[in-house]
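Scroll down for the structure; my scribbles are underneath it.
The values are calculated or read from the model by the stated rules, or taken from the named source; none is laboratory data. Since we're looking at a predicted model, the values are computed, not measured. Note: ideal-geometry Cβ built from the backbone for every residue, glycine included; neighbour counts use all protein chains shown.
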């Protein structure tokens with residue numbers, strides 16, 4: 001049977017083989033094989049190998065900046081977003097330690113603002129921010145070497161407007177995997193069947209005198225009011241994947257009992273504390289950096305604003321799980337909730353309902369009046 | 001079919017009786033005359049609450065139900081304007097939608113707000129107004145009432161029911177428009193009620209009950225009136241002080257979009273009886 005994992009690896013290997021000879025004609029001192037990756041929107045992640053025996057390569061990615069008005073909740077609240085490739089967060093880019101990323105950043109002429117990219121995984125020049133400032137109608141290409149393994153934030157950082165661009169959606173995650181793949185603290189290899197890539201975003205939407213969310217003709221017009229809300233530090237929305245309900249209901253994530261999931265959680269601006277209700281983190285890289293041993297059996301893990309964390313979990317019971325920011329006010333009132341539908345066979349050993357809710361036996365403390373209503 | 005025909009007959013009767021009603025209830029403000037008169041007929045009703053038999057969860061019993069008297073119920077949801085008058089009189093709490101557009105249902109009200117309004121309008125008009133029971137709402141909702149029985153939890157594998165319920169709730173079509181719309185936007189049902197089961201869920205008087213169905217008898221083991229039945233395109237149970245229903249955290253599935261209400265108008269018996277007789281006479285003439 002073709003498992004998902006082998007399918008993923010197969011796709012990655014095929015992509016590699018196709019792109020190996022494509023080096024001719026480039027003014028490039030690095031004589032390394034190249035791989036061109038097609039990015040996908042979160043919560044999905046592009047196919048990739050978890051461990052690799054191949055040598056270092058140059059992995060090519062392209063991010064196109066899109067400024068656009070989006071809806072961020074079921075009430076239809078509109079919001080001017082700035083995005084990499086149209087999604088909040090931007091797509092995850094995966095490569096291995098020792099690989100090089102060659103990133104093309106495109107700012108189409110239709111946009112209104114200069115943008116750039118600061119990659120926390122990269123070394124030098126403000127994470128690349130100083131070398132990638134592109135005006136509408138421009139593009140830049142940056143190459144950086146992946147010297148540290150882990151999940152890292154990338155975000156826009158234009159002078160004078162950094163926080164506004166970040167909380168408007170311009171952030172994403174790079175995952176640099178160790179060449180031998182993930183390991184527990186004793187050096188035993190760890191594998192995942194799938195990745196859930198969750199980008200949390202604090203949003204600050206201005207309101208009018210009547211308390212209704214304001215809308216703006218253009219992105220630029222929303223700047224002054226939005227900054228005013230931002231300065232008060234209390235978000236109006238705290239969401240996964242750019243909107244309330246992006247990962248619930250019909251959009252709920254799915255898994256099976258026995259499946260192992262790597263949950264990568266990023267927040268580019270504000271602290272968060274992911275928690276899987278009814279489950280755990282089997283192995284958690286709370287700070288997201290894979291050359292540190294993972295912590296085991298966590299209930300809630302802390303993701304610092306401006307970082308990404310990773311948690312590996314194997315589902316043991318079926319059901320509907322809620323995955324939340326365990327500041328429950330932010331989860332329930334502001335939107336930071338995802339649901340995971342897990343199919344499989346119930347395990348009575350782990351949990352069993354011994355007695356369903358019913359009356360307290362008579363004569364016991366708290367028992368109701370024994371006269372029951374018959375209708 | 002029989003029920004439907006009877007309902008139609010009742011509507012014709014209502015229409016014929018309208019001039020009589022207008023003269024009989026002259027002191028009442030205009031907007032509270034537009035109650036729909038529904039004859040007491042037998043209708044299919046699935047009991048609200050949590051039921052079990054032999055210690056296992058079962059669906060609420062579906063049974064034929066008949067109200068003890070005829071029902072007069074508002075044809076429209078209480079509007080923001082109507083509610084605002086109660087706020088001005090200092091009898092209803094101000095809510096977010098207190099002063100929104102005229103002729104739009106008031107939403108963002110909890111059970112206590114709705115009950116305060118009913119008490120105020122009753123005093124104002126001298127005619128008792130109250131929230132409908134779940135049974136009354138079901139009769140008035142007619143074809144718009146849902147008798148959907150949620151998937152049952154099998155204690156040996158509780159997850160299957162949760163997933164089934166979650167999928168059923170997720171599959172429900174969400175109203176395209178979340179904001180309340182002008183009265184009548186969503187049409188009139190076969191009983192003459194406007195905007196039933198659209199994007200406003202309605203508070204009822206009915207409390208949440210837990211009951212057993214052993215020996216063919218329904219035995220209520222727990223009644224929680226801090227949680228009321230809320231009706232709309234699906235039935236929900238809502239804590240009485242909630243104004244803004246929403247999902248999140250542990251709560252899964254699709255909650256009601258908005259909370260509003262319409263009221264039952266309790267005609268003094270002395271007035272209803274003669275009208276009933278007049279209507280009966282008129283019907284014989286048809």
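Things to note:
Yes or no, residue by residue, for (1) modelled with pLDDT of 90 or more; (2) within 11 Å of another protein chain (Cβ to nearest Cβ); (3) surrounded by 22 or more Cβ atoms within 10 Å (Cβ to Cβ); (4) part of a loop (DSSP other than H, G, I, E, B):
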{"position": "B:221", "(1), (2), (3), (4)": "no, yes, no, no"}
{"position": "B:226", "(1), (2), (3), (4)": "yes, no, no, no"}
{"position": "B:230", "(1), (2), (3), (4)": "yes, no, yes, no"}
{"position": "B:234", "(1), (2), (3), (4)": "no, no, no, yes"}
{"position": "B:241", "(1), (2), (3), (4)": "yes, no, no, yes"}
{"position": "B:246", "(1), (2), (3), (4)": "no, yes, no, yes"}
{"position": "B:253", "(1), (2), (3), (4)": "no, yes, no, yes"}
{"position": "B:256", "(1), (2), (3), (4)": "no, no, yes, yes"}
{"position": "B:262", "(1), (2), (3), (4)": "yes, no, yes, yes"}
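- Considering A:147, A:110, A:173, the condition of being exposed (fewer than 15 other Cβ atoms within 10 Å of the Cβ), in the same structural domain as residue A:95 (by TED's automatic domain parsing) and within 23 Å of the chain's Cα centre (by Cα) is satisfied by A:147 alone.
- Filtered residue count, the stretch A:190-208, keeping only those that are surrounded by fewer than 20 Cβ atoms within 10 Å (Cβ to Cβ) and within 21 Å of residue A:73 (Cβ to Cβ): 3
- The residue pairs whose first member lies in the stretch A:194-207 and is free of Cβ contacts under 8 Å to residues at least 60 places away in the same chain, whose second member is assigned to a strand (DSSP E or B), and whose beta carbons are closer than 8 Å, counting only pairs six or more residues apart or on different chains, are A:206/A:213; A:207/A:213.
For every residue, the table says whether it meets (1) in a loop (DSSP other than H, G, I, E, B); (2) crowded, with 16+ Cβ neighbours inside 10 Å; (3) without any contact (Cβ under 8 Å) to a residue 40 or more places away in the chain; (4) within 12 Å of another protein chain (Cβ to nearest Cβ).
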{"site": "B:108", "(1), (2), (3), (4)": "yes, yes, no, yes"}
{"site": "B:114", "(1), (2), (3), (4)": "no, yes, no, no"}
{"site": "B:124", "(1), (2), (3), (4)": "no, yes, no, no"}
{"site": "B:136", "(1), (2), (3), (4)": "no, yes, no, no"}
{"site": "B:143", "(1), (2), (3), (4)": "no, no, no, no"}
{"site": "B:156", "(1), (2), (3), (4)": "yes, no, yes, yes"}
{"site": "B:159", "(1), (2), (3), (4)": "no, yes, yes, yes"}
{"site": "B:163", "(1), (2), (3), (4)": "no, yes, yes, yes"}
{"site": "B:182", "(1), (2), (3), (4)": "yes, no, no, no"}
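- When the criteria are applied in full, residue A:356 meets the requirement of being in contact with a strand residue (DSSP E or B) (Cβ under 7 Å, 6 or more places away or on another chain) and within 14 Å of another protein chain (Cβ to nearest Cβ).
- Any hit, the stretch A:161-169, residues being part of a strand (DSSP E or B) and closer than 24 Å to residue A:242 by Cβ: no
- Just one of the listed residues (A:207, A:194) is under 30 Å from residue A:50 (Cα atoms) and in contact with a helix residue (DSSP H, G or I) (Cβ under 9 Å, 6 or more places away or on another chain), namely A:194.
- Scanning the stretch A:310-346 for residues that are within 17 Å of the chain's Cα centre (by Cα), facing chain B (nearest Cβ under 7 Å) and in a strand (DSSP E or B) returns A:322, A:324, A:337, A:339.
- Among the residues of the stretch A:270-277, some residue qualifies, meaning at least one is part of a loop (DSSP other than H, G, I, E, B), touching a residue at least 60 places away in the same chain (Cβ under 8 Å), within 25 Å of residue A:120 (Cα to Cα) and in contact with a strand residue (DSSP E or B) (Cβ under 7 Å, 6 or more places away or on another chain).
- Selection of strands (runs of 3 or more DSSP E) fully inside the stretch B:31-94 by the criterion of at least 3 residues being under 21 Å from the mean Cα position of the chain (by Cα) and over 30 Å from residue B:182 (Cβ atoms) returns B:42-46, B:62-66.
- When residue A:217 is tested against (1) assigned to a loop (DSSP other than H, G, I, E, B); (2) under 29 Å from residue A:105 (Cβ atoms); (3) in contact (Cβ under 8 Å) with a residue 60 or more places away in the chain; (4) more than 15 Å from the chain's Cα centre (by Cα), only condition (3) is not met.
- Qualifying residue in the stretch A:245-258 (condition: modelled with pLDDT of 95 or more, at positive phi and surrounded by fewer than 17 Cβ atoms within 10 Å (Cβ to Cβ)): yes
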